[in-house]
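I have placed the structure first, in the form of structure tokens, so that the comments after it can refer back to it.
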Amino acid sequence: MTRSEKGFSLLEVLGAATIVALILIPIFIMFYEGVGFVSSSKDKNLATNFAQEKMEYLRNKAYDDPELQDGTYSDTSTAGGKIFNRKVTIVSSPSEITNSNADIKRITVRVSWTREGQTQAVILVTYRARKL
């Protein structure tokens, strides 16, 4: 018995579809994960810039400026569709400084945001001494 019709059998089509799926599915997964990493990186970059902005602002203040009083201060900002919460903590003569006569302040800026139900944060810390 000879076959005069040309074409592919069902088995050949299913085999080809399986091979194509095995190649394309990992590519789509990598693309999806890549988009997630880019979005996460964008959020972290925005948060770091928000923290750095405040840190530079405070570093340019005089040592005795009222904005450098001990305490914790908070504010928020919205960027890229996310809400970023910024918390600034200022401590005079922090415990990690062993010289008790040192006029040093520790300034901590923490920016947090929520991504996929989890809280993410960026923390910057600097020390400020009275100029001689």
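In segment 74-105, of all residues being of a type outside the set (Val, Ile, Thr) and in contact with a helix residue (DSSP H, G or I) (Cβ under 8 Å, 6 or more places away or on another chain), the one that is farthest from residue 41 (Cα to Cα) corresponds to 105. Quick one: would you say residue 100 is within 18 Å of the chain's Cα centre (by Cα) and at pLDDT below 90? Spelling it out, it is not the case that residue 100 is within 18 Å of the chain's Cα centre (by Cα) and at pLDDT below 90.
Restricting attention to segment 20-75 and to residues that are β-branched (Val, Ile, Thr) and under 30 Å from residue 103 (Cα atoms), the residue that is surrounded by the most Cβ atoms within 10 Å (Cβ to Cβ) turns out to be 48.
Filtering segment 64-78 for residues that are assigned to a strand (DSSP E or B), of a type in the set (Phe, Trp, Tyr) and in contact with an Asp or Glu (Cβ under 7 Å, 6 or more places away or on another chain) leaves an empty set.
Per-residue answers, yes or no, for (1) within 30 Å of residue 35 (Cβ to Cβ); (2) of a type in the set (Phe, Trp, Tyr); (3) out of contact with any Phe, Trp or Tyr (no Cβ under 8 Å at 6 or more places or on another chain):
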| site | (1), (2), (3) |
| --- | --- |
| 49 | yes, no, yes |
| 71 | no, no, yes |
| 76 | yes, no, no |
| 82 | yes, no, no |
| 106 | no, no, no |
| 111 | yes, no, no |
| 117 | yes, no, yes |
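Inspect segment 26-39 for any residue being touching a residue at least 12 places away in the same chain (Cβ under 8 Å), under 22 Å from residue 119 (Cα atoms) and not small (Gly, Ala, Ser) and give the result as yes or no. Among the residues of segment 26-39, not one is touching a residue at least 12 places away in the same chain (Cβ under 8 Å), under 22 Å from residue 119 (Cα atoms) and not small (Gly, Ala, Ser), which makes the answer no.
Evaluating residue 87 against the criteria (1) loosely packed, with under 11 Cβ neighbours inside 10 Å; (2) within 16 Å of residue 123 (Cα to Cα); (3) basic (Lys, Arg) leaves one unmet condition, (1).
The values are calculated or read from the model by the stated rules, or taken from the named source; none is laboratory data. Since this is a predicted model, take the numbers as computed values, not measurements. FYI the Cβ positions are ideal-geometry reconstructions off the backbone, even for glycines, and counts take in every protein chain you see.
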